[in-house]
Amino acid sequence: MPLELALNDRVRLRKPHACGGYEWTVVRLGADIGLKCDTCGRYVLLSRRDLEKRLKAKLPPAPASP
Ligand SMILES: [Zn+2]
């Protein structure tokens, strides 16, 4: 089943980023998925297949600001 992602979804990966953060925000969708590290702000591109392999969990969206 394909992974369903939307912009601004937050995800947790199996391995921490170099900065120690596990949580990422989806900032680009397409053949490759752009993720921004929630801890250090670094941007990375992963193929959808790579992301599916590394994904541990989707996180609930951050509450919308009023
Ligand atoms: Zn980071």
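In nanometres, what is the gap between the two model label sites at Ala57 and Asp32, each 7 Å from Cα along Cα-to-Cβ?
Going from the Ala57 label point to the Asp32 one covers 2.9 nm.
Under a crude label model (7 Å from the Cα following the beta-carbon direction), how far is Asn8 from Cys40 in nanometres?
Placing both labels 7 Å beyond Cα along the Cβ direction yields 2.7 nm.
Could you give the semi-axes, largest first, of the ellipsoid that matches region 10-56, computed as the square roots of 5 times the alpha carbon gyration tensor eigenvalues and rounded to whole Å? Could you put the intermediate results ahead of the total?
Values: eigenvalues 50, 29, 12 Å².
Output for region 10-56: semi-axes of 16, 12, 8 Å.
Tell me the relative contact order for region 10-56 as a rounded percent, counting alpha carbon contacts under 8 Å between residues six or more apart. The partial results should precede the final answer.
Values: 81 pairs, mean separation 16.2, N = 47.
Relative contact order, region 10-56: 34 percent.
We did not get these values from a lab; they are worked out from the coordinates using the rules stated. Keep in mind that this is a model prediction, so the values were computed, not measured. Quick reminder, even Gly has a Cβ in these numbers, built from the backbone with ideal geometry, and neighbours come from all protein chains shown.
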